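S.K.: Got a structure for you, questions after.
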Amino acid sequence: MDRFVRALIQWQAGGRPEPARTLPLAQLRARYAAQAAAHVRGAAAENAGIETKDQLIDGGDGEFGVRTYLPPTDRGRLVTYLHGGGWTVGDVDTHDPVCRRIAAALGAVVVSVDYRRAPEHPHPGPLLDGIAASEWAERTFPGRPHVIAGDSAGGALAVGISMHHRDHGTITFAAQLLVYPPADPQLQSPSARTYGSGYLSEVDDLHWYYDQYVPDPAHRTDREINLLGADHHGLPPTVIGTAEFDPLHDEGVELAVRLAAHGVDVHHVPAPGLVHGYLLMAGIVPAAAAATQNVLAAVEQMLTPAPMASSG
């Protein structure tokens with residue numbers, strides 16, 4: 001394991017934090033936000049020249065927020081981003097550094113979606129907000145190669161959004177970026193057993209997050225929830241990032257395999273030595289910063305046309 005990550009785990013364990021599933025929701029959200037802010041404070045300010053704009057948009061049954069990032073060097077690209085946090089915690093503030101890195105690395109306008117969260121808005125609420133946000137982004141910044149992206153729970157939402165637009169013919173994404181996405185609500189993979197405790201992301205907490213997002217077990221076979229059972233034909237070229245010491249590691253690997261089996265161009269980017277949530281650690285863990293650069297370089301490769309062969 002990366003030594004910085006090991007030190008982070010030891011530091012957190014020393015504080016004897018209560019499991020997420022045992023905390024009142026408001027306290028859990030505040031703790032998650034405080035942890036994200038501490039990661040930001042521990043790093044030098046990055047990509048501060050990026051302009052941002054917060055606004056409300058209509059989700060069809062109510063308003064929710066989006067934050068738009070305008071990079072200093074605009075290369076004519078667009079990313080709609082769904083943050084992680086078990087569909088229950090996290091927001092555009094906790095993932096602000098992530099979106100700034102994406103905007104700077106890809107030269108893209110990034111629309112970060114402050115979707116309404118579970119349990120107040122269970123499935124399919126966050127998914128419908130993500131669909132509406134991607135459509136708003138497409139209308140507001142037309143004609144750009146459009147990437148749908150997300151980490152953890154946001155990665156699962158990104159796949160659901162891709163499937164919706166594939167089926168309705170509304171948006172043709174240039175690529176999708178999925179970083180350590182949950183793909184199987186049963187959480188029965190070997191990595192869930194091996195790394196289910198003591199690696200910052202507890203498998204018992206992951207079960208609890210599913211309980212908040214999909215309280216009716218009958219819906220856990222829905223294709224947007226059980227991604228391993230979905231039809232992935234016709235989905236956009238995909239970058240999947242996984243972390244070695246992550247309960248969700250094997251799900252991400254299996255999702256990459258199934259996407260490829262359905263004819264999708266897939267680039268799997270492993271992150272040796274790292275844990276779930278490494279995108280949020282990029283400012284304080286050098287290996288996490290390198291892994292973040294690797295997944296974004298893979299997206300860049302997908303967005304960059306291959307040079308034409310010389311006619312000789």
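S.K.: For the stretch 141-179, which positions are under 21 Å from Gly125 (Cβ atoms) and hydroxyl-bearing (Ser, Thr, Tyr)?
M.R.: Scanning the stretch 141-179 gives Ser152, Ser162, Thr170.
S.K.: For the stretch 67-102, enumerate the residues that are out of contact with any Asp or Glu (no Cβ under 9 Å at 6 or more places or on another chain), more than 26 Å from Glu202 (Cβ to Cβ) and either among the acidic types (Asp, Glu) or touching a residue at least 40 places away in the same chain (Cβ under 8 Å) (or both).
M.R.: Residues satisfying the conditions are Asp74, Gly76, Arg77, Val79, Ile102.
S.K.: Can you tell me which residue is farthest from Arg139 (Cα to Cα) among those in the stretch 61-84 that are touching a helix residue (DSSP H, G or I) at 6+ places or on another chain (Cβ under 6 Å) and in a loop (DSSP other than H, G, I, E, B)?
M.R.: Among residues in the stretch 61-84 that are touching a helix residue (DSSP H, G or I) at 6+ places or on another chain (Cβ under 6 Å) and in a loop (DSSP other than H, G, I, E, B), the one farthest from Arg139 (Cα to Cα) is Gly84.
S.K.: Among the residues of the stretch 175-184, is there at least one that is part of a helix (DSSP H, G or I), among the hydroxyl-bearing types (Ser, Thr, Tyr) and in contact (Cβ under 8 Å) with a residue 24 or more places away in the chain?
M.R.: Within the stretch 175-184 (the criterion being part of a helix (DSSP H, G or I), among the hydroxyl-bearing types (Ser, Thr, Tyr) and in contact (Cβ under 8 Å) with a residue 24 or more places away in the chain), the answer is no, since none of the residues qualifies.
S.K.: Can you give me the number of residues within the stretch 223-271 that are assigned to a loop (DSSP other than H, G, I, E, B), among the aliphatic types (A, V, I, L, M) and under 20 Å from Ala288 (Cα atoms)?
M.R.: 1
S.K.: So which of Leu127, Leu82 ends up being aliphatic (A, V, I, L, M), more than 20 Å from Ala48 (Cα to Cα) and out of contact with any strand residue (DSSP E or B) (no Cβ under 7 Å at 6 or more places or on another chain)?
M.R.: On inspection, the qualifying residue turns out to be Leu127.
S.K.: Restrict the check to the stretch 24-39 and report whether at least one residue is more than 28 Å from Arg220 (Cα to Cα) and polar (S, T, N, Q).
M.R.: Checked against the condition, which is being more than 28 Å from Arg220 (Cα to Cα) and polar (S, T, N, Q), the stretch 24-39 yields at least one hit.
S.K.: A follow-up question, please. Quick one: is Ile131 hydrophobic (A, V, I, L, M, F, W, C), in a helix (DSSP H, G or I), in contact (Cβ under 8 Å) with a residue 40 or more places away in the chain and more than 24 Å from Leu25 (Cα to Cα)?
M.R.: no
Residue-by-condition table, conditions (1) within 28 Å of Leu25 (Cα to Cα); (2) surrounded by fewer than 16 Cβ atoms within 10 Å (Cβ to Cβ):
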{"position": "Gly198", "(1), (2)": "yes, yes"}
{"position": "Val203", "(1), (2)": "yes, no"}
{"position": "Asp216", "(1), (2)": "yes, yes"}
{"position": "Gly229", "(1), (2)": "no, yes"}
{"position": "Thr238", "(1), (2)": "no, no"}
{"position": "Phe245", "(1), (2)": "yes, no"}
{"position": "Glu251", "(1), (2)": "yes, no"}
{"position": "Val269", "(1), (2)": "no, no"}
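S.K.: Also, quick follow-up: Take the residues of the stretch 24-39 that are more than 19 Å from the chain's Cα centre (by Cα) and not small (Gly, Ala, Ser): which is surrounded by the fewest Cβ atoms within 10 Å (Cβ to Cβ)?
M.R.: Pro24
S.K.: As an exercise: evaluate Asp231 against (1) modelled with pLDDT under 95; (2) over 19 Å from the mean Cα position of the chain (by Cα) and give the number of the one condition it does not meet.
M.R.: Condition (1) is where Asp231 drops out.
S.K.: Here is a follow-up. Can you give me the number of residues within the stretch 134-161 that are surrounded by 24 or more Cβ atoms within 10 Å (Cβ to Cβ) and not in a strand (DSSP E or B)?
M.R.: 12
S.K.: Quickly run through the stretch 220-255 and pick out the residues that are touching a Leu at 6+ places or on another chain (Cβ under 9 Å) and of a type in the set (Asp, Glu).
M.R.: Glu224, Glu244, Asp246, Glu251, Glu254 - these are the residues of the stretch 220-255 that are touching a Leu at 6+ places or on another chain (Cβ under 9 Å) and of a type in the set (Asp, Glu).
S.K.: When the stretch 91-121 is examined, which residues are found to be in contact with a helix residue (DSSP H, G or I) (Cβ under 6 Å, 6 or more places away or on another chain) and assigned to a loop (DSSP other than H, G, I, E, B)?
M.R.: Thr94, Tyr115, Arg116, Ala118, Pro119
The values are calculated or read from the model by the stated rules, or taken from the named source; none is laboratory data. Predicted, not measured: the structure shown is a model, and the values here were computed from it. Glycine also receives a Cβ, built like all others from the backbone with ideal geometry; neighbour counts cover every protein chain displayed.
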